[in-house]
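Okay, structure first, notes after.
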Amino acid sequence: MTALIPTDADDPALLQPALRHALEGGPALGFGMLADTPGSVPDGVAIVIATSGSSGIPKRVALSAEALRASAEATATRIGSGRWLLALPAGYVAGLQVLVRSILAGTEPATLGGRFSPDAFAEATLGMLRPASGSQSTGVPDLFTSLVPAQVATLLDAAADDAAVRAALRAYRAILVGGQALAEPLRERAADLGVHLVRTYGSTETSGGCVYDGVPLDVAAVRVSDGELRIAGPMLAEGYLDDEALTARTFVRDEHGIRWYRTGDLGLVDDGVVRVHGRADNVIVSGGINISLDRVERVVRTIPGLHQAVVVGVDDDRWGEASVIVAPRGEALRRSEAEQLSHARDAVAEALGRHARPTRLILVDELQTLPSGKPDREAVRRVVAGLR
């Protein structure tokens with residue numbers, strides 16, 4: 001057994017030596033640990049991350065050093081190696097992997113000064129482009145970072161009027177974007193600005209993103225079983241700490257003994273390209289018809305002014321359940337609220353059918369988010385339910 005040390009991820013400078021030690025077989029590090037977390041883990045486990053994922057049920061994902069390395073090395077093979085900016089919490093797998101990749105590349109990651117903001121992002125990026133004090137090198141390193149879509153939207157909005165933010169965004173060889181689906185209008189805005197975004201798909205259980213722009217990393221395999229996406233490869237987690245039943249349900253072996261992670265996501269693999277349709281459990285039954293809220297949300301996010309919208313399900317007296325759009329009012333709307341809802345309903349009806357149309361549009365000052373930067377869907381759903 002290996003000792004498990006609860007770890008504060010707030011200071012990356014202090015975290016890095018401990019993480020390097022964990023990758024080399026030293027004490028494992030625990031992020032977001034619960035009160036009943038044991039003091040030791042099986043040998044080989046390097047990291048334990050407490051996450052509620054999409055289900056809202058707390059889980060403790062155990063990751064081995066081998067899995068973290070396999071993911072980081074496959075990322076370097078796909079997009080290259082260089083210097084990384086840590087712009088996400090290190091206690092979440094996307095932020096943690098920035099540190100792992102830096103350790104394996106022998107580079108020092110840059111960090112933001114204070115909270116995430118366009119100014120902090122631009123300043124940190126500019127600092128990465130300057131030669132280190134005493135360095136004889138005059139070359140500019142390849143720059144990389146990982147962001148969530150809300151951060152990308154904030155930066156693109158600022159870049160419209162701020163040359164420093166524009167230059168910072170363009171300085172990156174690749175910006176990995178994950179945590180939730182990247183709206184197509186955001187990707188198009190970035191491309192028009194000369195910013196290279198890479199859409200990633202994965203989870204804590206896969207040591208972070210393992211599918212880049214729809215194509216699995218070289219070490220990853222993706223297949224579909226009963227409509228559900230399943231992933232195999234050396235980057236899979238060992239399982240869930242002290243939860244053998246959940247581990248057995250989630251990580252299954254096929255007839256050849258290959259271990260697969262059941263993602264809980266619906267999708268397909270079309271000519272080698274992975275297409276994610278949404279969570280199998282993020283479905284409502286409205287008027288007796290199953291409706292994927294993820295698919296509704298993807299359509300809604302193609303509409304100007306609704307690129308950061310969240311679609312949630314609520315009880316409905318007429319239909320049993322119905323979908324509601326919640327969006328930040330700060331985005332510029334060229335239409336009235338009623339016209340915007342009508343536009344969204346028409347777009348959803350055309351793409352998915354009239355039965356899938358959202359019933360309401362609620363504008364809020366700010367969408368509630370998790371520390372990882374993802375929308376806090378449960379909190380948004382509670383707010384909407386409280387307004388009925």
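Readers should treat all values here as calculations from the given coordinates under stated rules, not as data from a laboratory. Quantities reported herein were computed from a predicted structural model and do not represent experimental measurements. Note that we place each Cβ from the backbone using ideal geometry, even for glycine, and neighbour counts take in every protein chain shown.
One table, with the values for the structure above:
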item: Whether the stretch 51-204 is rounded, prolate or oblate, judged on the alpha carbon gyration tensor where a/c under 1.5 counts as rounded; result: oblate
item: Span from the the stretch 334-349 Cα centroid across to the the stretch 162-217 one, whole angstrom; result: 28
item: Formal net charge of residues neighbouring VAL274 (Cβ-Cβ distance under 13 Å; K, R +1; D, E -1); result: -1
item: Charge dipole (debye, nearest 20) of the stretch 282-387; +1 at Cβ of Lys and Arg, -1 at Cβ of Asp and Glu; result: 200
item: Qualifying GluC sites (Glu not before Pro) in the stretch 250-322, DSSP loop, other Cβ atoms within 10 Å at most 11; result: GLU255
item: Globularity ratio of the stretch 260-370, using Cα Rg and 2.2 N^0.38 Å; result: 1.12
item: Inter-probe distance in nm under a simple model that places probes 7 Å from Cα toward Cβ, at ALA338 and ASN290; result: 3.7
item: DSSP-loop trypsin sites (Lys or Arg not before Pro) across the stretch 327-382, with at most 10 other Cβ within 10 angstrom; result: ARG334
item: Dipole of the chain, positive end: most advanced residue of ALA153, TRP260, LEU341 [Cβ charges, Cα centre]; result: LEU341
item: Sequence ranges 65-78, 269-282, 153-166, ranked by mean other-Cβ count within 10 angstrom, highest first; result: 65-78, 153-166, 269-282
item: Shape call, the stretch 263-306: gyration tensor on alpha carbons, a/c limit 1.5; result: oblate
item: ASP270-ASP10 FRET efficiency (beta carbon distance; Förster radius 56 Å; 0.05 resolution); result: 0.85
item: Nearest-20 debye value, the chain charge dipole, Cβ charges on Lys, Arg, Asp, Glu; result: 560
item: Packing-based order for 82-94, 213-225, 304-316, using average beta carbon neighbours within 10 Å, highest first; result: 82-94, 304-316, 213-225
